[in-house]
Amino acid sequence: MRLILMATGPFAVPTFRALYETRHTVAALVTAPLRTHRGRPVPPISCLREIAAEHGTPILDPEDVNQPEFQAALARRDGDLLVVCDYGQILSSATLTACRHGGINLHASLLPKYRGAAPIQWAIYHGDTETGVTIIHMTPQLDAGPCVAQARVPIGAEETAEELEPRLAEVGARLVCQTIEALEGGTVQPLAQDATLASKAPRLKKTDGLIDWSRPAVAVKNQVRALVPWPASYTFWHHSGGPPLRLILGPMTVLDCSTGVPPGTVVAAGGQRLVIACGRGAVAPRNVQPAGKRAMAVDEFLRGHALRPGNRLGAEGQDRAEGGGRKAEG
């Protein structure tokens, strides 16, 4: 079969490499346009482009994959199957029909759960202990086509999104190759998704990283794991020495205890120990990154910053409480 890969992000790299190891032909790579400055490419050049160049594979990079001009260019590639993975655009019916057998899409969740751009992050955020990859036969609706293959993968209790993504990508690459063989052999049995079980995994925003200390401690820990490396999980230290200081918090231990203080209150701060109250229980971060500085272990951070029990952490604009700040009116 003549395969055309549509991909932009790093999740697609194992699949792209695996396609060259099959007996099929990779006829083209369709990827996002290069960013340019004054007519010159702006680094970094994607790994996908480098792989395509190594194999002499033509690269197409339309601004809009659904424009008639591109659809015609795609049809001229005489493709049998579109293989879509981490691409970033929704394909119209006309684009899908530019290849004889339409398209398949590798998605990093157990569809219909977590349809959208950030399935890995939202699975960890919500505390799931299992996820996986799904291959669907594509339709113009986002991640809604019938499932043709699926593989389950456990999520480690301490695993971050950054660690889980490459594991899923490798599992997905093998599944894509198996699916292509099954499609060619006519043994695929598509299974329609149950739309009533669908959930969303929208693209992450920087504000998703703000920690809501009223949530349970385990939920705060899961948020920190989910948002590595971006947008990272952060809070603001409201202190008497100046404006609120933004702190990015690293991996943390959950403490099943009753603190008796409002969520976001520093319960303990000394030596290698920093404990912060949550809506239920407390957490103890293992490293802290102050705004504009590198991440550091808790003991190093506390030596250089006068964080004290009773200080409050929270949103940037909230009233500053004990530990220095404007008193609430009353």
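Note on residue 197 and residue 50: their simple-model spin labels are 4.0 nm apart, each label 7 Å out from Cα toward Cβ. Taking only the Cα atoms of segment 254-294, the ratio Rg/Rh comes out at 1.02, with Rh defined as the Kirkwood radius. Each semi-axis of the equivalent ellipsoid for segment 206-314 is √(5λ) with λ an eigenvalue of the Cα gyration tensor; in descending order they amount to 18, 17, 13 Å.
Angle of helix 217-226 to the longest C-alpha principal axis of the chain, folded into 0 to 90 degrees and rounded to 10: 40°.
On the beta carbon distance between residue 94 and residue 181, with R0 = 41 Å, the FRET formula returns roughly 0.90. For the chain, the relative contact order works out to 13 percent when only alpha carbon pairs closer than 8 Å and six or more residues apart are counted. Each of 50, 162 was scored by other Cβ atoms within 10 Å of its Cβ. Arranged with the fewest first, they read 50, 162. Summing charges over all other residues whose Cβ lies under 12 Å from the Cβ of residue 175, with Lys and Arg as +1 and Asp and Glu as -1, gives 0. Could you compute how fast segment 2-197 diffuses translationally, taking Rh as the Kirkwood radius over C-alpha pairs and applying Stokes-Einstein at 37 °C with viscosity 0.692 mPa s? Give it in µm² per second. Value of D from the Cα-based Kirkwood radius: 191 µm²/s.
Computed from phi, the 3J(HN,Hα) profile of segment 182-191 under the Karplus parametrisation 6.51, -1.76, 1.60 (θ = phi - 60°) reads 5, 5, 5, x, x, 9, 6, 10, x, 10 Hz, with x in place of Gly and Pro.
Readers should treat all values here as calculations from the given coordinates under stated rules, not as data from a laboratory. Just so it is clear, the structure is predicted and the values come from calculations on it, not from any experiment. Neighbour counts are summed over all protein chains in view; Cβ atoms, including those assigned to glycine, are modelled from backbone coordinates with ideal geometry.
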